[in-house]
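> Below you will find the structure I want to go over with you.
The values are calculated or read from the model by the stated rules, or taken from the named source; none is laboratory data. Keep in mind that this is a model prediction, so the values were computed, not measured. When we count neighbours, we look across all protein chains shown, and the Cβ atoms used for this are built from the backbone with ideal geometry, even at glycine. To get the accessible areas, we keep the full protein, side chains included, count just its heavy atoms, and leave off ligands, DNA and RNA. Shrake-Rupley method; radii C 1.70, N 1.55, O 1.52, S 1.80 Å.
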Amino acid sequence: MSWVVVKGQDLISIKDLSKEDIEYIFKRTLEMEKLLVKRSKLLDDKIIATLFFESSTRTRMSFQSAALHLGARVIGTDSAEASSMLKGETLSDTIKMVNKYADLIVIRHPSDGSARLAAEVAEKPVINAGDGANQHPSQTILDLYTILKKKGRISKLNVYLVGDLKHARAMRSLLYGLGMFNSNVVLVAPKGLEMEKQVVEEVKDKFSINIEQTNNLNLKECDVLYVCRIQKERFVDPYEAAKVQKEFRITEDDLKNAKDDLIILHPLPKIDEIDPSVDKSKFAAYFEQAGYGVPVRMAIIASILGR
Ligand code: NCD
């Protein structure tokens, strides 16, 4: 049975979805884009809890905006400090309560596996908005949607994933999503920040796509350049993070031999890894990408709530 027709399902990992599920979300996102100007009462009897125990701007606000666009009411917490977690309450106890307060729970937490734990405790559906370095499935759906919108297809494009591939959950989820849609992937990471071998092997085995790995960036064949920041909060030694951050920066110079229709994506926030002059170039699509966060998350929430 497909995920989308099962009311009340959790979305914890991109692996919970089939390609058909994601295509269904794309179709619904197109409808949701039309609702953005009209507002809707589709979920006006629902309460959505957004529990963010780790910092967030886009993901938290776009989930909240998505819920409000559909007429739902939103409760939640914006930081671990503002919740009873500061007093030492376990995640499991917190979720047991929130389960009684809301119809759907969106959670971000610094520990890998936390969203899965929340889903096990909660009877209400849970959406993982990022658990440590592990998974960020709604980001992947919006990344794939952006690629489809901008390029007309995902299959067979040369997609370069560039940055801290060791710690970035957005990259880990996206690699799997690109596998599902049969892209060619090039992984470009500073030395020591490569994607975990096991993650790469799993995608290769499952989808038989081409995955190349390198420490050097050459954009000649690139269709989609997807960059992420150095995830400094996940480094044991902050000095190490600062050192890599300095060495790693995309400039207009790197784009000189790029294809004319190259697009540059980034989950944001961007720090120093893209020179600000690139923002004005025809290649930069990351702010448009962030905008799709709202209709994509409207489609996800509505589907899970069976509307
Ligand atoms: C990403 C995240 O939190 O994983 N941001 C986001 O959700 N838009 C990427 C990041 O923080 O680097």
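> With the calculation restricted to Cα positions, what are the radius of gyration and Dmax of the chain in angstrom?
Reported Rg and Dmax, both Å: 18.9, 56.
> Give me the extension gain from Glu81 to Lys27: residue separation times 0.36 nm, minus the current Cα-Cα distance, reported in nm with one decimal.
Details: separation 54, 0.36 × 54 = 19.44 nm, distance 3.83 nm.
Net length gain for the segment: 15.6 nm.
> Can you give me the accessible area per residue for the chain, using a 1.4 Å probe, in Å²?
Each residue of the chain exposes 45 Å² on average to a 1.4 Å probe.
> Let me ask you something else. Round to a whole angstrom and tell me the spacing of the C-alpha centers of the range 94-126 and the range 137-172.
Taking the Cα centre of each part, the range 94-126 and the range 137-172 sit 26 Å apart.
> Within the chain, what whole-number % of the accessible surface is contributed by carbon and sulfur, with the 1.4 Å probe and all protein chains included in the calculation?
Taking all protein chains in place, the chain shows 50 percent carbon and sulfur surface.
> Okay, moving on. Can you list the residues, at least 5 places off or on another chain, whose amide H is less than 5 Å from the amide H of Ala284, using H built in the peptide plane?
The list, which skips near neighbours in sequence, is Ile264.
> Still on this structure, please answer the following. 5 Å is the cut-off here: which amide hydrogens, built 1.01 Å from N in the peptide plane, fall below it relative to Ile12, excluding neighbours closer than 5 in sequence?
It is Asn128, by chain and number.
> Would you compute, for the Cα atoms of the range 137-290, the largest minus smallest coordinate along each principal axis and list the three values in descending order, in whole Å?
40, 37, 27
> Ok, one more. Projected onto the charge dipole of the chain (+1 at Lys/Arg Cβ, -1 at Asp/Glu Cβ, origin at the Cα centre), which of Leu86, Thr146, Leu70 gives the Cα projection farthest towards the positive end?
Comparing the listed Cα positions along the dipole, Leu70 ranks first.
> Going by average Cβ density within 10 Å per residue, which order do the peptides 143-152, 61-70, 233-242 take, highest to lowest? Could you put the intermediate results ahead of the total?
Values: 143-152: 19.5, 61-70: 22.0, 233-242: 12.3.
Top of the packing list down: 61-70, 143-152, 233-242.
> Same structure again: Which far-off residues, 5 or more places away or on another chain, put their amide H under 5 Å from the one on Ile250, with H placed in the peptide plane?
Correct list: Ile274, Asp275.
> Suppose a student asked you for the relative contact order of the range 137-290, using Cα pairs under 8 Å spaced at least 6 residues apart; what percent would you report? Write out the running numbers ahead of the final one.
Numbers: 266 pairs, mean separation 35.4, N = 154.
Once divided by the residue count of the range 137-290, the mean separation gives 23 percent.
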